[in-house]
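Taking it in order: structure first as structure tokens, then the write-up.
Only the coordinates and a few stated rules stand behind these numbers; no lab work does. All values reported here derive from a predicted model rather than from experimental measurement. Every residue, glycine as well, gets a Cβ built from its backbone with ideal geometry; the counts of neighbours run over all protein chains shown.
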């Protein structure tokens with residue numbers, strides 16, 4: 001196990017290096033400079049040179065690349081151009097908490113509601129609740145989260161006045177964005193667990209479990225759910241990354257100061273240091289989550305971990 | 001097995017916990033104001049118009065003693081406004097965006113400040129004298145002015161801040177707004193002269209002397225801009241690179257102080273009790289939030305969380321008759337820039353034909369319908385002229401719609417060229433510009449019978465194509481930095497590809513002479529002539545519209561002034577009924 005994790009961590013660094021290199025050179029191909037283009041083209045050449053020199057942008061790209069790598073090894077992600085005077089580390093960490101809070105709440109809400117609905121739907125196959133779940137699942141996958149967000153804001157926030165319309169401050173402000181964000185995930189979880197459960201409930205060992213006198217709840221939780229959870233764990237990884245790294249639409253509708261819009265903004269404004277910082281952050285996070293999911297498999301299904309030992 | 005069921009159980013409990021806590025709804029931010037409704041005497045405006053003309057403005061001209069009648073001793077109430085973009089920085093030598101300017105303008109102050117009618121009024125200075133050659137300005141500072149931490153504000157604070165802006169530390173790209181005017185500014189920036197040789201000096205704590213390169217009748221208006229605000233050297237230096245990063249890392253000289261600042265969340269301001277004119281600041285708290293989504297802002301406004309909301313073109317139709325509806329146009333001109341060396345557009349008749357074929361009133365009133373106004377020339381409505389008439393009124397409509405003339409010029413141009421040119425319009429890919437471009441394209445089709453292609457690029461890519469002389473004509477815009485036609489007109493003297501490779505000796509001479517002219521009437525005539533050459537004779541550009549904005553504002557708020565240029569929103573004069 002330890003050797004396996006070490007190997008994965010080594011892969012992580014190699015992958016990151018490839019991503020950093022590719023992004024760095026692609027990013028430098030973006031037209032324009034990180035400075036306000038209208039002002040910059042209006043500046044006398046002497047001042048343009050001064051600015052470029054100040055940020056080391058007058059040097060060849062390969063030199064800039066090596067300098068960046070050197071700084072990175074020393075833990076320095078550089079200074080943001082867009083947020084003048086702030087380090088990229090401050091910019092990213094200053095905005096990550098709201099996204100993580102909303103994302104985490106959305107994942108938990110999605111898991112709880114999605115799994116519950118999916119399990120009940122499979123158990124009561126072809127019943128009212130089954131049809132309800134399926135309709136909800138189709139809606140959840142096909143309706144984009146910004147539509148849900150706008151509707152929630154209008155009805156829950158404005159018409160009924162139950163929760164704040166927008167902005168960030170108290171915990172109440174995080175509820176509507178979390179619900180809006182969880183909608184798609186809920187639908188996915190419900191669909192996956194239902195399909196898998198329907199298959200598992202047909203298996204012989206379920207009949208055995210019933211025959212040995214276990215009650216309905218024990219059969220479902222101990223045997224059916226555990227054996228159907230693998231596909232959910234598989235999609236859990238990407239969903240967690242997706243939700244925790246922020247959503248451009250939901251965050252902008254509810255004015256959440258999260259990380260969702262930062263990537264788009266930094267690319268638009270040629271904020272090189274922030275683009276790199278975020279790329280590294282996203283990639284590392286994604287690779288880590290995939291690694292954790294792989295490890296989780298073996299926790300849930302020991303057959304994946306202990307090869308050759310078939311009996312449980 | 002046990003673990004998983006436990007996990008689900010925990011999630012269920014957490015969820016019940018979450019839904020159990022009913023949302024603790026915050027009380028709405030716009031608290032009922034207790035400001036008395038008695039009429040508030042504003043600082044008299046006529047006096048300032050005179051200070052501009054007269055060489056000497058003394059304390060008697062302006063009511064510097066706080067007018068306390070009608071204004072309560074203690075301010076109250078809250079105004080909440082929003083920006084659609086992050087407040088990038090509060091360091092004045094790094095700030096270049098409207099959001100930052102808005103905050104800076106309300107927590108700092110310069111020698112002069114724009115009044116309710118957008119004219120400069122004495123602020124930290126009580127007045128100035130100017131030498132006969134109009135090159136040396138001597139400002140006298142107000143007595144008893146101090147920073148929010150109690151340190152006195154002196155002439156040295158101005159010298160420090162101005163040198164910072166003129167020197168190599170400034171990253172906002174606005175150094176030209178001093179270096180173009182102040183003696184040895186450019187040389188200082190290039191490291192050729194020492195700070196003592198620059199034309200800004202503190203004669204004593206109360207007297208600031210400024211030497212200009214050329215007579216600049218609008219210099220007083222420049223001193224209202226954020227780059228001209230004072231900074232306390234001792235404090236700024238002690239903060240190092242942490243200056244301006246947090247609210248507590250700054251000291252303030254304006255009507256408000258910052259109590260919290262986060263670039264993405266916004267800022268909260270509170271009345272500055274140390275401000276010299278504090279008695280005339282009636283609103284105690286101001287919040288500036290960040291909302292990027294238009295409909296979210298409208299919802300927040302309706303929920304009472306905002307005092308003012310901007311409307312998009314589609315919303316204008318719905319709220320047009322609402323008593324809370326207002327609109328205003330800015331000093332910002334959107335125009336077609338022709339590349340005078342590009343194939344086809346090197347012909348002046350073709351350029352004129354394109355200009356005459358656009359019905360700008362349909363564009364402004366029907367297509368945009370957001371408070372924008374149809375352009376009648378490069379210089380926007382409202383920009384200062386001779387004091388009684390504006391520049392635009394004096395020069396008339398230089399961009400009329402005339403389909404007959406358009407066809408005539410087109411035919412003439414095609415004859416000279418030998419064939420009809422194939423044209424491509426380069427634009428930035430934001431939604432407003434796309435709408436404008438599509439309209440312009442349809443006008444060319446209707447009135448000239450030609451098909452013009454549209455090439456839309458990100459604004460950075462568009463600028464790069466223009467800088468590299470790789471375009472025929474493009475939609476671009478310029479907003480005034482200060483209230484004078486020169487802010488627009490001197491752009492076309494450098495002959496760069498971005499400005500259409502335009503170079504005309506007569507035009508350049510007019511602009512150069514106007515910059516040296518001490519007689520204001522002559523100077524104005526030169527600028528009026530220059531605009532005519534640019535638009536009518538040479539048709540280098542064709543103005544389309546002056547950007548405007550339509551908004552709803554709570555009816556209990558008065559005098560929440562938005563200036564059409566420079567530092568937009570002014571909270572100092574605001575009153576809550």
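Note on chain A: with a GNM built from Cα contacts shorter than 10 Å, the maximum mean-square fluctuation among A:51, A:244, A:220 falls on A:51. The ranking of B:338, B:391 by Cβ neighbour count inside 10 Å, starting from the fewest, reads B:391, B:338. Taking every residue in A:165-178 and counting other chain Cβ atoms within 10 Å of its Cβ, the average works out to 5. Each residue, residue A:125 and residue A:282, gets one label point 7 Å from its Cα in the Cβ direction; the gap between the two is 4.1 nm. Legend: mean number of C-beta atoms from other chains within 10 angstrom of residue C-beta atoms, peptide A:216-227, equals 2.
Full extension of the chain between residue B:519 and residue B:85 yields a length gain of 152.0 nm, computed as 0.36 nm times the residue separation minus the alpha carbon distance.
Largest mean-square fluctuation among A:153, A:46, A:59, in a Gaussian network model of chain A whose springs join Cα atoms under 10 Å apart, belongs to A:46. Placing a label point 7 Å from the Cα of residue B:512 along the Cα-to-Cβ direction, no residue of segment B:195-238 has a backbone N closer than 14 Å. Look at the alpha carbon pairs under 8 Å that are at least 6 residues apart: their mean separation over the length of segment B:216-352 gives a relative contact order of 10 percent.
Cβ-to-Cβ counts within 10 Å put A:265, B:505 in ascending order as B:505, A:265, the fewest first. Sorting B:549, A:81 from the fewest to the most surrounding beta carbons within 10 angstrom yields B:549, A:81. Across chain B, Cα pairs under 8 Å and at least six residues apart give a relative contact order of 17 percent.
Peptides B:249-259, B:214-224 ranked from most to least packed by the mean count of surrounding Cβ atoms within 10 Å: B:249-259, B:214-224.
Comparing A:140, A:103, A:114, which has the greatest mean-square fluctuation in the GNM of chain A with Cα pairs linked when under 10 Å apart? In the Gaussian network model the winner is A:140. For the listed peptides B:418-431, A:85-98, a ranking on the average number of other beta carbons within 10 Å per residue, highest first, reads A:85-98, B:418-431. Neighbouring Cβ atoms from other chains, within 10 Å of the Cβ of residues in B:186-192, number 2 on average.
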